1. If the elastic network links every pair of Cα atoms under 10 Å, which of ALA219, ALA79, ALA152 fluctuates the most in the Gaussian network model of the chain?
2. Over the chain, with the other protein chains present, what is the accessible area per residue in square angstrom, probe 1.4 angstrom?
3. Given the C-alpha atoms of the chain, compute the convex hull and give its volume per residue in Å³.
4. Rounded to the nearest 5, what is the percent of antiparallel bridges among the DSSP beta bridges in the chain?
5. Could you point to the residue in SER109, ALA24, PRO168 farthest towards the positive end of the chain's charge dipole, with +1 and -1 charges on the Cβ of Lys/Arg and Asp/Glu respectively?
6. Excluding residues on the same chain fewer than 8 positions from LYS196, give the aspartates and glutamates whose Cα lies under 14 Å from its Cα.
7. With viscosity set to 1.306 mPa s and temperature to 10 °C, compute the Stokes-Einstein D of region 48-108, Rh being the Kirkwood radius across alpha carbon pairs; µm²/s, no decimals.
8. For the chain, set up a GNM with springs between Cα atoms under 10 Å and report which of ARG36, ARG198, ARG216 has the largest fluctuation.
Amino acid sequence: MSVATYLERRGELQTYFDRTAVDAWARLTSDAPLGRIRATVRAGRDEMRNTLLTWLPANMSGARLLDAGCGTGALSIEAARRGARVVAIDLSPTLVSVARERIPGDLDSTAVEFRSGDMLDPKLGKFDFVVAMDSLIHYRPADTCRIVAGLAARTGEALLMTFAPKTPALAVMHAVGRLFPRRDRAPAIEPVAEQKLRQLLMSEESLEGWQLGRSRRVASGFYKSHALEVILR
């Protein structure tokens, strides 16, 4: 992985999600009314989160899970309800604060450990499961694979990730998205063809011993994302 490009993109994402778009993101991930376009994004994210949750065990008692790029914490909360010990990390301290505020009253406040920082920080320790929902889509494919390898090195069972699929429809949506004011735009997404990503992942030397499992694409209006399971053989 190019440390320079990773750090540069990480900095852009932190600025965007912590300063520029935090209010819009908090609204998107709440039950507040939305316009038609953003409502399709919310529906797509809900479907993707539910997909990833179905790939996790129904009973996670004793398991340790890293929610890598936790945002406002919806997946973390559901995993904690299954008994997992969750570490939820995001680059944006502001979004992490929103996530802490959204912990339901019927859930032990210590069930999820929210942190702001880098998902690759080795001090986070080892995990049984890692979930990276839409947190890798802004990195170049080669960097994404090395990030996955870094996370897998501290994972004992499975890593669930999503990527932006390279499709003509997504290219059109990106072109339309550039018409929005810059303050409303996220840092550029890096679409990649599924087959290319699979080849990159399986050619990554440090992922020897891992294999690709389930795969599912979610398309909802302006939301297009593809889930991929990486499991230890």
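The values are calculated or read from the model by the stated rules, or taken from the named source; none is laboratory data. None of the values given here were measured: they were computed from a predicted structure. FYI the Cβ positions are ideal-geometry reconstructions off the backbone, even for glycines, and counts take in every protein chain you see. Each accessible area value is taken on the protein alone, full model and side chains, heavy atoms only, with ligands, DNA and RNA left out. Shrake-Rupley method; radii C 1.70, N 1.55, O 1.52, S 1.80 Å.
1. Of ALA219, ALA79, ALA152, the most mobile in the Gaussian network model is ALA219.
2. On the way: 11210 Å² over 233 residues.
Using a 1.4 Å probe on heavy atoms only, each residue of the chain averages 48 Å².
3. Numbers: hull volume 27.2 nm³, N = 233.
In the chain, the Cα hull volume divided by residue count equals 117 Å³.
4. Numbers: 15 of 34 bridges.
Given both bridge residues lie in the chain, the antiparallel proportion sits at roughly 45 percent.
5. Ranked along the dipole, the leading option is PRO168.
6. Of all the aspartates and glutamates, those that pass the test against LYS196 - Cα under 14 Å, at least 8 places apart if same chain - are ASP143, GLU204.
7. Details: Rh = 11.7 Å.
Translational D for this selection: 135 µm²/s.
8. Greatest mean-square fluctuation among the candidates belongs to ARG36.
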